[in-house]
Each structure stands twice: as structure tokens, then as C-alpha cells.
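For reference, the structure discussed in these notes is given below.
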Amino acid sequence: MKTSLTLILATVAATPALAAEEGYSYPKGLFQPSLGNTDFVVLIGFLLFIAIIFYFNVPAMLGGLLDKRAEGIKSDLDEARALREEAQTLLASYERKQREVADQAERIVAQAKADAEAAAEEAKANLEKSIARRMQAAEDQIQSAEDKAVQSVRNRAVEVAIAAAAATIGKSMAAADANKLIDASIGEVERRLH
């Protein structure tokens, strides 16, 4: 196939040389080779050129270079395909990790909200207990103040009553009766102390 292609190319390339000569007419009869005939010289040169090309195996070298280049392109395409698959795998992995991180973040936020609500409830309960303790302490202080006030009023009433009784007894009682009463009180105190 390569050979027939080369001959076709050679024929097409030689046609302009034949057409370049004015007044050229194809010979009648057999082809007459002569070095004076430029067509013949061009044909010989062309055939010699083709022979040299085939002798040094230029078509095979060109085919080998093209095959080598094709193999290189194929390996590049295979590598690119492998890299694309690897990139798609990495992308899927990162998307999965992103979803997992988003889910984890949502769980953390939900847990934080629940913890905050629990802490608020606990703080509310502690505040209510603290208020109840303070109210009880205030009521105890009020009760104690009332008890002291009542005791103070009683003591004052006793003192006033004693003073009034002493003044009344002092006016109505004679000195001798007062001395007897004092001696009796001293005796009573001695008897109760022993």
C-alpha cells in the first residue's frame, strides 16, 4: 500500500514538470530515452530519489516515528484517563467527608443547644432555690426581730410595772413593812440558791 501511494505521488509530482515545457507533445510510438530529453532526466532523478528513500527505509522510519508518537499519545491519554478517575475518586471522597463534617457540625450545634438549655434550666432551678433560701432567711430575721421586739416590750412593761408597783408600794407602805419585805425576799433568794 505504501509503495502504490508513493508511485501515485511521484506521478502527480512529475506532471507539472512535463507541463512546464512549451510545445511539448507526447511522443508517438515508443518512449525515447535521451539525456537531452528533460522529461527523461526528471523521471530518472525522481526514480533515483524514490530508490534512495526506499533503500534507507525512510517510509518505515516515518511509520515507526508515527507509531511511536501514536503510542506516546495513547499512553498520555491513558494516563490522563487514570488521573481523571483518580480525581473523580478524590472528589467523591472529599464530598463524602464534607457531608460527614456538615452532619457532625449539625450534631455539635444540636448538642450545644441542648447543653445550653439544660444549663439554663439548672441555673433557673438554682436561682429559685437561692431565692427560696433568701426568703426563708429574711422571714427568719423578721421573726427574730419580732421576738426581740416582743421581749423588749415585755421587759419594758415589767420594768414599768415594777417601777409603778414600787412607787405605789413605797407610798403606801411604811418603812418597817418595807424592811420586813426586804428580809423575806433575801431569805427566799438564799433558800432558792442553796
Of the numbered conditions (1) loosely packed, with under 10 Cβ neighbours inside 10 Å; (2) assigned to a helix (DSSP H, G or I), G45 satisfies every one except a single condition; which is it? (1)
With (1) aliphatic (A, V, I, L, M); (2) assigned to a loop (DSSP other than H, G, I, E, B); (3) at pLDDT 90 or above as the list, and L30 as the residue in question, which single condition is left unmet? (3)
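Between K97, K171, which is charged (D, E, K, R), surrounded by fewer than 10 Cβ atoms within 10 Å (Cβ to Cβ) and part of a helix (DSSP H, G or I)?
K171
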Going through the stretch 48-68 one residue at a time, which ones are part of a helix (DSSP H, G or I) and of a type outside the set (A, V, I, L, M)? F49, F54, Y55, P59, G63, G64, D67, K68
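The values are calculated or read from the model by the stated rules, or taken from the named source; none is laboratory data. Nothing here was measured: the structure is a model prediction, and the numbers come from that model. For neighbour counting, all protein chains shown are included, and Cβ atoms are generated from backbone atoms with ideal geometry for every residue, glycine included.
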